[in-house]
Amino acid sequence: MVVKITYFVHGTTTDNEKDISSGWSDVELSEVGIQQSMKLKDQVKGKHFDVVFCSDLKRTIHSAELTFKGEVKIIPDNRLRECNYGKYNGQPSEIVEPLQEENITKRFPEGESYEDVKIRIHDFLAFLKKNYEGKHIAIVAHKAPQLALDVLIKNKTWEQAFADDWRKRKAWQPGWEYILQ
């Protein structure tokens with residue numbers, strides 16, 4: 001048995017529009033992000049999900065609610081949070097983004113590393129395997145958990161995951177598929 005995962009990223013935030021890397025800063029969706037999440041509802045119409053998990057940060061909860069509320073149960077889970085950039089939470093992306101690949105194993109000051117995120121996501125995947133075998137779940141979350149899925153499920157190195165990241169090519173799509181075996 002497997003768990004089928006469709007991964008969605010939250011809508012554009014007010015920080016995104018200002019080129020700020022939020023990390024664990026709890027920011028709102030922008031008007032664009034609200035529209036994106038409402039449009040996603042139409043794009044996933046007809047797809048069946050047994051449950052939707054999202055990060056416990058309000059940008060993902062709001063995105064999940066705009067897309068899935070009334071259709072399927074939504075469960076916030078703090079293991080799906082973005083990487084904690086520590087003292088760099090809420091700082092300009094031009095500062096934070098170059099540091100991301102430098103902090104795969106080394107923690108951000110007062111924060112965590114991408115390996116720490118991988119540990120959280122590994123724990124979450126073990127939970128899914130135990131409780132959702134044979135189910136199709138949706139996840140609404142952030143960049144770091146998605147890259148961790150690429151490392152854990154698709155067997156990429158962190159360097160490959162960063163290099164292949166759709167954000168670099170601006171190649172957003174309405175969901176990415178993962179199979180947890």
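Assorted remarks:
- Beta bridges by DSSP in the range 3-180, antiparallel share as percent, to the nearest 5: 40
- Set K4/K69; K4/K87; K69/K154; K73/K170 screened for pairs whose C-alpha atoms are more than 26 Å apart: K4/K87; K69/K154; K73/K170
- In this structure, K87 and D164 have a Cβ-Cβ separation that, at R0 = 30 Å, corresponds to a calculated FRET efficiency of about 0.60.
- Relative to the current alpha-carbon distance between I153 and I95, full extension at 0.36 nm per residue lengthens the span by 17.9 nm.
- E133 versus K58: modelled label distance in nm, points set 7 Å from Cα along the beta carbon direction: 4.0
- Net charge contributed by nearby residues that have their C-beta within less than 15 Å of T12 (K/R +1, D/E -1): +1
- Footprinting exposure proxy for I95, I74 (fewest neighbouring C-beta atoms within 10 Å first): I95, I74
- Residue with peak Gaussian network fluctuation, the chain [Cα springs, cutoff 10 Å], from R107, R167, R59: R167
- Residue list for the range 55-79, given a label point 7 angstrom along the Cα-to-Cβ vector of K18 and an amide N cut-off under 16 Å: 59
- Fully extending the segment from T105 to A171, taken as 0.36 nm per residue of separation minus the present Cα-Cα distance, adds 21.1 nm.
We did not get these values from a lab; they are worked out from the coordinates using the rules stated. Keep in mind it's a predicted model, so treat the numbers as computed, not measured. All Cβ positions, glycine included, derive from the backbone under ideal geometry; neighbour counts span all protein chains shown.
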